[in-house]
Amino acid sequence: MMENQPQTIESLFENAGSYLETRIDLLKLRALNKSSDAASSIVSRLTILVLAIFAMFILNVGLALWIGELLGKNYLGFFAVAGFYILLAVLIHFFKDAWIKEPVSRMFIKKMLN
């Protein structure tokens, strides 16, 4: 019985080593899955954002030209649109944590925990 014991302990260590390697591989695969999910989500949102920026740019040029036509000088329309965006930037600066930082953090954490 004593000679079976070293083989059993040796076998136990081999199995424990295999189990540890399998657990490490599983953790790597889970991390890869979560990071790829987060990356694909970011890429899709960035694509939508870029398209929205292009659309907003075209709309803003049209709006500036229209306002400029109403005011009699094209450059006044561009100044009016720029003034609106300066006001918007000031508002966003004061509320950036509530409007941007917290929702983005929550979204990222939610993606990583799912």
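Output the residues belonging to the stretch 40-94 that are more than 33 Å from the chain's Cα centre (by Cα), small (Gly, Ala, Ser) and on the phi < 0 side of the Ramachandran plot. Residues satisfying the conditions are GLY68, GLY77. Summed over the stretch 70-93, the residues that are more than 24 Å from ARG45 (Cα to Cα) and part of a helix (DSSP H, G or I) give a count of 16.
Based on this model, can you work out whether ALA16 counts as over 30 Å from ASN114 (Cβ atoms), touching a helix residue (DSSP H, G or I) at 6+ places or on another chain (Cβ under 9 Å) and part of a helix (DSSP H, G or I)? So that I can check it myself, show each step before the final result.
On the way: over 30 Å from ASN114 (Cβ atoms): yes; touching a helix residue (DSSP H, G or I) at 6+ places or on another chain (Cβ under 9 Å): no; part of a helix (DSSP H, G or I): yes.
It is false that ALA16 is over 30 Å from ASN114 (Cβ atoms), touching a helix residue (DSSP H, G or I) at 6+ places or on another chain (Cβ under 9 Å) and part of a helix (DSSP H, G or I).
Looking only at the stretch 32-39, decide whether some residue is over 29 Å from the mean Cα position of the chain (by Cα) and free of Cβ contacts under 8 Å to residues at least 24 places away in the same chain. No; the residues of the stretch 32-39 include none that is over 29 Å from the mean Cα position of the chain (by Cα) and free of Cβ contacts under 8 Å to residues at least 24 places away in the same chain.
Read-outs: derived from the displayed coordinates by stated rules, not from any lab. Please read all numbers here as calculations on a predicted model, not as lab measurements. With ideal geometry, Cβ positions are generated from the backbone for all residues, glycine too; neighbour counts draw on all protein chains shown.
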